[in-house]
Amino acid sequence: MEATEMLRRELWQSIRQLKRQRTLPAIRQARQMLRDWMQQHPDDVASQDAGEELAMMEDALEVIQKEHASQPVAA
């Protein structure tokens with residue numbers, strides 16, 4: 001197996017682990033890892049396309065976080 005392919009597999013294993021956490025910091029970390037990868041491998045179309053799912057997850061988690069922050073606390 002080519003070294004780049006091995007690195008891509010390791011990247012996506014890490015991203016999947018972060019996605020399973022379903023937290024905003026984990027998703028942001030996964031997106032940053034993917035951004036770093038894409039800077040080094042701009043021709044990796046499959047990874048680029050998969051980044052859309054991470055972006056949607058981040059957006060959804062941001063909305064959920066804002067909703068929780070805006071709910072009044074019971075006295």
Quiz item: Considering the range 1-14 alone, what residues qualify as being within 19 Å of Ile27 (Cβ to Cβ) and open to solvent by 90 Å² or more (accessible area, probe 1.4 Å)?
Solution: Glu10, Gln13
Quiz prompt | Test: residue in the range 15-24 that is surrounded by fewer than 10 Cβ atoms within 10 Å (Cβ to Cβ) and of a type outside the set (A, V, I, L, M) | solution = yes
Practice problem: Examine the range 7-29 for a residue that is under 27 Å from Ala69 (Cα atoms), assigned to a helix (DSSP H, G or I) and in contact with a Ser or Thr (Cβ under 8 Å, 6 or more places away or on another chain), and state whether such a residue exists. | Solution: no
Quiz item: Exactly one of (1) surrounded by fewer than 14 Cβ atoms within 10 Å (Cβ to Cβ); (2) small (Gly, Ala, Ser); (3) at pLDDT 95 or above is unmet by Ala69. Its number?
Solution: (3)
Quiz prompt | Among (1) surrounded by 12 or more Cβ atoms within 10 Å (Cβ to Cβ); (2) assigned to a loop (DSSP other than H, G, I, E, B), the one test that Ser47 misses | solution = (2)
Practice problem: Those residues that are small (Gly, Ala, Ser) and either closer than 21 Å to Thr4 by Cβ or open to solvent by 100 Å² or more (accessible area, probe 1.4 Å) (or both), I need them from the range 25-44; list them, please. | Solution: Ala30
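The values are calculated or read from the model by the stated rules, or taken from the named source; none is laboratory data. Since this is a predicted model, take the numbers as computed values, not measurements. Here the Cβ is made from the backbone with ideal geometry for all residues, glycine too, and neighbour counts use every protein chain on show. Ligands, DNA and RNA are excluded from the accessible area calculation, which covers all protein heavy atoms including side chains. Shrake-Rupley method; radii C 1.70, N 1.55, O 1.52, S 1.80 Å.
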